[in-house]
Amino acid sequence: MLGGYDYREVEKRIAELWKKEKIYDFDEKSSRKVYSIDTPPPTISGHLHIGHLFSYSQADFIARYKRMSGYNVFYPFGLDNNGLPTEILVEKEHNVVAEKLGREKFIELVEKTKDKYEEEYKKIWRAVGISADWSLLYTTISKDSRIASQLSFIELHEMGRAYRKETPTLWCPKDRTAVSQMELQDKTEKTNFVYIKFSKDVEIATTRPELLPAIVAIFVNPEDKKHAKLVGKQVKVPLFGNEVGIMADQRVDPTKGTGMVMCCTFGDQTDIEWYKAYNLSLRIAIDDSGRMTVEGYRGMKPKEARQKIVEELKKGGYVTREQEIDHDIKVHERCKNEIEFIVKEQWYIRYLDLKDELLRLGKQLRWHPDYMHHRYDNWVQGLQWDWGISRQRFFGIPFPVWYCKNCGEVKLADRDQLPVNPLVDKPKLGCAKCGSTEFVPEADVMDTWATSSLTPLINARWATDKKYMGKIYPMSLRPQAHDIITFWLFTTIVKCYLHTKKLPWAEAVISGHGLDPKGKPMHKSEGNIIDADKTLEKFGADPVRYWASSSTLGEDSSFQEKDMISGQRLVNKLWNVAKFIDQNCKTFESKPKEIDRWITARSLYALKEATELFENFNYSGAKRVAEEFFWFFSDNYLEFIKYRIYGKDSSANATLGYVFLLVLKMLAPFMPFATEEIYQKLFRGKLDKAVSIHVSAWPTFDKKWVDEPSLKKGDMAQKVIEYIRQWKHNNKMALNAELKELVVSEDLGGLEEDVKGAMNIGRLTRGSGTLTVPETEIHLEIKAE
RNA sequence: GGAGGCAUAGUCUAGUGGUAGGACGUCAGCUUUACACGCUGAAAGUCUGGGUUCGAUUCCCUGUGCCUCCACCA
């Protein structure tokens with residue numbers, strides 16, 4: 001006998017069962033068709049919130065459906081512990097500064113911290129029922145990932161696609177370190193906006209006159225008629241005397257200042273863009289300690305130089321006016337000092353020449369929802385420069401590169417040296433060009449996207465034993481959220497295409513974000529994080545997944561407690577039907593009657609619809625169909641057959657079991673715990689042989705079980721019952737109150753007993769009636785007494 | 001500034017070129033041998049303006065509001 005349903009106890013026990021039976025392990029020996037999933041590795045930057053549960057559940061629905069559809073599912077899980085968020089986390093947790101500790105020791109600390117989060121994360125992902133194969137777990141700083149990233153770089157270098165170029169980087173002159181955009185803060189300062197007359201027609205307003213010696217071009221807006229005739233001309237820079245060209249670019253606001261902008265290397269972000277986009281020359285005015293390098297101002301801080309230059313400009317009569325404005329500047333959040341741009345040699349991957357190829361690959365990929373394709377296209381079309389992959393940080397995967405001390409030639413590591421740390425390891429041979437054995441190591445590390453862009457290849461073990469290359473690659477599916485289409489999805493296509501000439505996956509499924517109850521994204525700084533752990537504890541995994549399955553693919557969805565309640569109700573209802581069957585059905589053998597053929601046909605049509613929706617990755621539609629059918633089944637079919645069951649007539653048993661199992665299977669991808677529990681208690685070894693519902697076969701639609709005449713008759717009987725229910729309600733009667741006689745105008749085709757039983761009718765006769773059942777030709781006469 | 005998305009009852013949401021479906025909430029009726037975490041019934045809705053059409057909530061344009069990504073703040 002089944003008792004109450006305690007989700008805390010059940011979910012824990014079922015999760016153990018899955019673990020013990022290895023339900024979700026990839027079957028290496030099987031010849032079944034493989035379905036491989038390129039799971040996003042979450043960063044270990046802290047605690048998981050319900051937004052994570054939301055998007056990972058959505059991928060899990062698909063994994064589970066595919067598994068039940070007979071695929072050998074390759075579903076790995078990853079953890080991203082490479083990159084700045086991890087660096088910041090580890091610095092905070094251990095109260096250290098990465099630069100001071102040094103790279104080797106810091107990576108050790110990262111590994112330690114990772115272990116802790118790995119356990120915590122695994123616990124939560126298991127608790128929410130993610131059906132990944134945990135033996136395939138990878139991390140982005142692991143040895144394998146380092147080998148893959150470095151091998152990738154070596155191959156790209158050999159292809160001639162990796163090159164070095166002097167490029168500006170955000171730099172903190174005080175800490176003497178590169179800074180990422182994430183570490184910037186805005187600060188407003190009072191600054192003088194200085195108008196400088198270069199010539200008769202050229203006047204420029206600037207907040208940074210000290211960068212006059214670093215001017216490489218002057219820009220005007222292409223729509224700006226006032227300045228149009230100047231484009232292409234040259235003009236002399238005051239005080240410094242060099243000539244610079246005047247160019248046109250959209251980014252200039254013609255209403256701001258004089259409508260003419262000086263482009264220096266480098267004063268701000270736009271300068272960098274222009275420098276890259278127009279291949280401008282480089283004039284450095286500030287060094288990495290934040291001091292001027294220009295003759296006459298050498299060693300001065302920019303602000304001192306600014307004063308001196310303005311004075312000199314005034315003496316020369318170049319300054320027409322000055323205006324104090326509020327100016328937003330970027331400061332380093334750690335030390336609050338203004339950041340500068342300084343120039344470093346950095347590695348790039350050349351890909352601008354591949355735009356057409358990349359667009360073609362984007363077209364080849366099947367996108368769900370398909371409009372997400374636009375974002376990719378738009379991004380590729382707008383690319384203006386190559387992919388910079390150098391980062392001047394301590395923590396990360398190093399480039400497998402040294403430079404010859406003598407001639408400067410690049411020396412790549414040998415493949416069998418990987419993973420290599422050039423700061424510690426040495427090249428195997430001398431310089432190929434000059435024979436020198438003295439080398440300078442590359443101190444920079446790779447951008448994290450240079451590694452994450454390899455996840456399909458890391459999973460396939462491309463860089464090592466190539467174990468899964470032919471088997472899982474190209475992968476079947478990339479599930480991810482829409483915000484990183486231009487990063488993760490795009491860079492993965494780039495790298496995998498360069499290395500394998502193939503599109504890395506057949507399909508991309510793009511999920512939305514789980515938002516807070518007000519519809520706002522969850523951010524630590526907003527304080528609106530809803531904790532994953534606590535939510536699972538409070539409502540159970542199935543209801544949380546129910547919420548995740550209720551929103552359309554690609555759409556954001558705000559977290560509503562009432563969705564959890566709806567999920568809990570569904571679980572409860574499933575459990576109660578299970579109890580009913582458990583109490584009343586000893587076997588699942590019997591001969592179906594008319595009404596049984598009716599619900600069977602109904603269930604198969606629901607199955608057909610759900611399957612089609614699932615095949616199109618419309619899991620929310622599939623869930624809806626399954627759920628709707630289940631409530632229909634409970635409220636109608638069960639009412640029809642109760643009187644037979646109570647009368648110890650077992651003729652409905654087989655249908656009851658068969659249809660309910662079908663419902664469980666349709667809901668299994670969404671509510672894996674409750675459906676499993678019921679399957680184990682009721683059906684395993686009886687109606688199905690599979691050890692778990694999650695490796696049982698997704699039912700197939702078979703027309704031969706669809707009896708169209710029974711379907712019509714059943715629908716008719718159901719309408720009659722609906723009418724009688726309303727009639728009883730209008731007469732303030734209980735639904736099971738006895739009715740003496742029902743007169744029906746039509747032949748109910750063998751369903752008379754069912755109608756009588758369901759509505760507690762004493763006698764059913766044929767004859768004319770005055771009441772009309774809506775949507776039918778049936779007339780009734782109801783006699784209560 | 002560029003690109004994309006969204007707008008449906010009090011709330012969350014589905015769907016459709018022809019009477020808009022569900023859930024929560026609300027109101028009313030019902031102790032009905034699985035379930036009051038239930039059953040039955042009721043009230044309540046297509047953002048503004050324009051166009052295409054016999055007919056638009058759906059398709060097109062426009063406005064407004066919200067969201068995401070990218071860019072910008074000389």
Counting residues that are open to solvent by 70 Å² or more (accessible area, probe 1.4 Å) and more than 30 Å from A:TRP18 (Cβ to Cβ), which strands (runs of 3 or more DSSP E) fully inside the range A:681-785 reach at least 2? A:761-766
So A:GLY362 passes all but one of these: (1) within 16 Å of RNA strand B (Cβ to nearest atom); (2) crowded, with 20+ Cβ neighbours inside 10 Å; (3) part of a strand (DSSP E or B). Which condition number does it fail? (3)
Among the residues of the range A:596-605, is there at least one that is surrounded by fewer than 19 Cβ atoms within 10 Å (Cβ to Cβ), of a type in the set (Asp, Glu) and at negative phi? no
Right, A:LYS226: closer than 20 Å to A:LYS197 by Cβ, open to solvent by 60 Å² or more (accessible area, probe 1.4 Å) and either modelled with pLDDT of 85 or more or more than 39 Å from the chain's Cα centre (by Cα) (or both) or not? yes
Do you know which of the residues in the range A:535-572 that are within 8 Å of RNA strand B (Cβ to nearest atom) and hydrophobic (A, V, I, L, M, F, W, C) is farthest from A:ALA626 (Cα to Cα)? A:ILE565
Name the helices (runs of 4 or more DSSP H) wholly inside the range A:405-495 in which the number of residues that are among the polar types (S, T, N, Q) and surrounded by 19 or more Cβ atoms within 10 Å (Cβ to Cβ) is 2 or more. A:449-452, A:455-460
Condition check: assigned to a helix (DSSP H, G or I), out of contact with any Ser or Thr (no Cβ under 9 Å at 6 or more places or on another chain) and either free of Cβ contacts under 8 Å to residues at least 60 places away in the same chain or open to solvent by 50 Å² or more (accessible area, probe 1.4 Å) (or both). Does A:LYS538 satisfy that? yes
Looking at the range A:579-589, can you tell me whether even one residue there is within 13 Å of RNA strand B (Cβ to nearest atom) and aliphatic (A, V, I, L, M)? yes
When the residues of the range A:509-523 are filtered to those that are assigned to a loop (DSSP other than H, G, I, E, B) and more than 9 Å from the chain's Cα centre (by Cα), which remaining residue is nearest to RNA strand B (Cβ to nearest atom)? A:PRO521
When the range A:267-292 is checked residue by residue, the ones that are touching a helix residue (DSSP H, G or I) at 6+ places or on another chain (Cβ under 6 Å), open to solvent by less than 20 Å² (accessible area, probe 1.4 Å) and more than 11 Å from RNA strand B (Cβ to nearest atom) are A:ALA285, A:MET292
All but one of (1) among the hydrophobic types (A, V, I, L, M, F, W, C); (2) modelled with pLDDT under 90; (3) closer than 29 Å to A:TRP575 by Cα hold for A:ILE88, so report the exception by its number. (3)
Could you tell me which of the residues A:THR265, A:THR258 is touching a strand residue (DSSP E or B) at 6+ places or on another chain (Cβ under 8 Å), under 23 Å from A:THR320 (Cβ atoms) and hydroxyl-bearing (Ser, Thr, Tyr)? A:THR258
Note down all Cβ pairs under 7 Å where the first residue falls in the range A:729-741 and is under 18 Å from A:PHE640 (Cα atoms), the second is charged (D, E, K, R) and open to solvent by less than 60 Å² (accessible area, probe 1.4 Å), and they're at least six residues apart or on different chains. A:LEU735/A:LYS728; A:ALA737/A:LYS728
Quickly run through the range A:633-680 and pick out the residues that are within 16 Å of RNA strand B (Cβ to nearest atom) and assigned to a loop (DSSP other than H, G, I, E, B). A:GLY647, A:LYS648, A:ASP649, A:PHE670, A:MET671
Test A:VAL34 against the stated conditions and say whether it is more than 27 Å from A:HIS513 (Cβ to Cβ), β-branched (Val, Ile, Thr) and modelled with pLDDT under 95. no
Looking at the range A:246-266, which of its residues are farther than 24 Å from A:LYS330 by Cα, surrounded by fewer than 17 Cβ atoms within 10 Å (Cβ to Cβ) and over 40 Å from the mean Cα position of the chain (by Cα)? none
With the requirement that a residue be touching a strand residue (DSSP E or B) at 6+ places or on another chain (Cβ under 7 Å), crowded, with 16+ Cβ neighbours inside 10 Å and in a loop (DSSP other than H, G, I, E, B), what does the range A:23-46 give you? A:PHE26, A:ASP38, A:THR39, A:PRO40, A:PRO41, A:PRO42, A:ILE44
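The values are calculated or read from the model by the stated rules, or taken from the named source; none is laboratory data. These figures come from a predicted structure and were not determined experimentally. Neighbour counts are summed over all protein chains in view; Cβ atoms, including those assigned to glycine, are modelled from backbone coordinates with ideal geometry. Remember, those area values only see protein heavy atoms, side chains included, never the ligands or the DNA or RNA. Shrake-Rupley method; radii C 1.70, N 1.55, O 1.52, S 1.80 Å.
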